1. Read phi for every residue in the range 5-18 and hand back ³J(HN,Hα) as whole Hz from Karplus 6.51 cos²θ - 1.76 cosθ + 1.60, θ = phi - 60°, with x for Gly and Pro.
2. Could you tell me the ratio Rg/Rh of the range 16-163? Both radii from Cα atoms, Rh via Kirkwood.
3. Extending each Cα 7 Å along its Cβ direction at ALA12 and GLU226, get the distance between those two points in nm, one decimal.
4. About its Cα centre, how strong a charge dipole does the range 1-154 have in debye, to the nearest 20, once Lys and Arg get +1 and Asp and Glu get -1 at the Cβ?
5. Which whole-number percent is the relative contact order of the chain (Cα, under 8 Å, 6+ apart)?
6. Quick one: which residues, 5 or more positions from THR138 or on another chain, have an amide H under 5 Å from its amide H? H modelled 1.01 Å from N in the peptide plane, none for Pro or chain starts.
7. Specify the longest stretch of the chain that does not include any exposed loop site, a site being one of the GluC sites (Glu not before Pro) with a non-H, G, I, E, B DSSP assignment and at most 10 other Cβ atoms within 10 Å.
8. For SER279, enumerate residues with amide H under 5 Å from its amide H, sequence gap 5+ or separate chain, H modeled in the peptide plane.
Amino acid sequence: METCLSQFESLATPGPLAIPWTSHFPGEERIKTHLVLGFITHGNEWGTLPAALRVLAELKTGHLKSAGPITFLLGNPRATRKNVRFVDEDFNRVFSFERPADNGERQRAEEVRPLLDSADIFLDFHQTQTPTESPFWTFPWDEAHAHWAQIIAAAPLGLTRPPGGVFSKGKCCLDEYVRNRGKIGLTAEVGTKGADKVQEELTYQSIVRLLSALERIEVENCSLQELAEVAPPVQWYQTAEVVAARTKDDRLRDGLGNWSSVDQGEILSAPGGPLLRASQSGKILFPKYPQPGEPLAPELFRLGTPLENPSEFFEK
């Protein structure tokens, strides 16, 4: 991890905002669409950093080209150095700016806020804290965002929610902050946290596809819809239920990961704890397994159910 951070520092090119832990390439002056790529928003999700370094190096040598300005953002390197999700507070929940910057994550949020204010497209690469059976997208439904997800092809599955829906009530993630400005904000969960060559290659190829798509849109005047029509489809699921802990003793049984299938009525609780059953058949997403001594997460898991046509479903 420390080696990756040092390599990033050695490759980084300061941008006009001069924000620490960013690297900027201006691209062609006539093209204004500003792409921002996010990494280590959560400190222990550092498995995509090698892909960022590869793209940075290839941009510097000219092997890869950026049609417009592109900025790389390392969100929480302080937490990465400790190999923890965050140090004081979840960096990916503090972009509502509802209170003073009284800890490290909130100070970093204030620091990177001008960069997100300048972003036209923000793509945040994450890894999951518990095992996942597949990479997946997660954002509220919007056709333009769905087209970009198809084109980038970072994941064959997507977990969506009603248009404008927030991920965590009373909080604001980086991608939500960008969407609230009327711009494109995407999050891709590329795999389980940690080093992984498959995830590294997936992240690299996703960035290459995104840069190629921007070139075709900006230079060749292709439309977003045209590019999406020839891209692989994404199988969409909706967030049917967010299940919170009812008591301090609520725990999930062992072995549930992202995209684990469950049947209606299936017991999901750990032996000896309060009974918890699946309200309907579907897929488990973002299951929480707090370590001994850690506070119980307010959200135990989400339940996803398939959506054949999200646009029609959310128009009802």
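Please treat every number below as a calculation from the coordinates, not as lab data. What you see is a predicted model, and the numbers here were worked out from it, not measured in a lab. All Cβ positions, glycine included, derive from the backbone under ideal geometry; neighbour counts span all protein chains shown.
1. Whole-Hz 3J(HN,Hα) from phi for the range 5-18: 5, 5, 5, 4, 4, 6, 8, 5, 10, x, x, x, 8, 6.
2. 0.96
3. 3.9
4. That gives a dipole near 360 debye.
5. Over the chain, the number comes to 17 percent.
6. Correct list: LEU159, THR187, GLU189.
7. Answer - 99-219.
8. Correct list: GLY265.
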